[in-house]
Amino acid sequence: MSADTAFNQNEVGGCADQVVSAGSSPLFISKSKISATTSASIAQLKILGVSRDPDHSDTTAEGFALRIIINEHILGNNVAGI
């Protein structure tokens, strides 16, 4: 999932919510992103780190990818960040 703004390495392990936007038509590509506002309290997603894919791991470029886990889920761990 990509972040909505710049990424700080200190945010790894933090929790954040999903920012939902309408997809683009006719390709129907999702514009959902992870919020740049992270916290130590429980939120929808937990940041595991930056993508290991070299094409999407440049945190200075728009659309870089983050590795996340769904935190608020019936089978999730539902724990606070960091």
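Around residue 50, which amide H atoms from residues at least 5 apart in sequence, or from another chain, sit under 5 Å from its own amide H, with H modelled in the peptide plane?
67
Distance in nm between label sites at residue 8 and residue 32, each 7 Å beyond Cα in the beta-carbon direction?
Modelled inter-label distance: 2.6 nm.
Just to verify a number: FRET efficiency for residue 74 and residue 25, C-beta to C-beta distance, R0 = 41 Å, to 0.05? Intermediate values should be presented prior to the final figure.
Working: r = 32 Å, r/R0 = 0.79.
So the FRET efficiency works out to roughly 0.80.
List every residue whose amide H lies under 5 Å from the amide H of residue 36, counting only residues 5 or more places away in sequence or on a different chain, with H placed 1.01 Å from N in the peptide plane.
Placed amide hydrogens put 4, 5 under 5 Å from residue 36.
Computed from the coordinates by the stated procedures, all read-outs in this text should not be read as laboratory data. Treat the numbers as computed from the prediction; the structure is a model and nothing was measured. All Cβ positions, glycine included, derive from the backbone under ideal geometry; neighbour counts span all protein chains shown.
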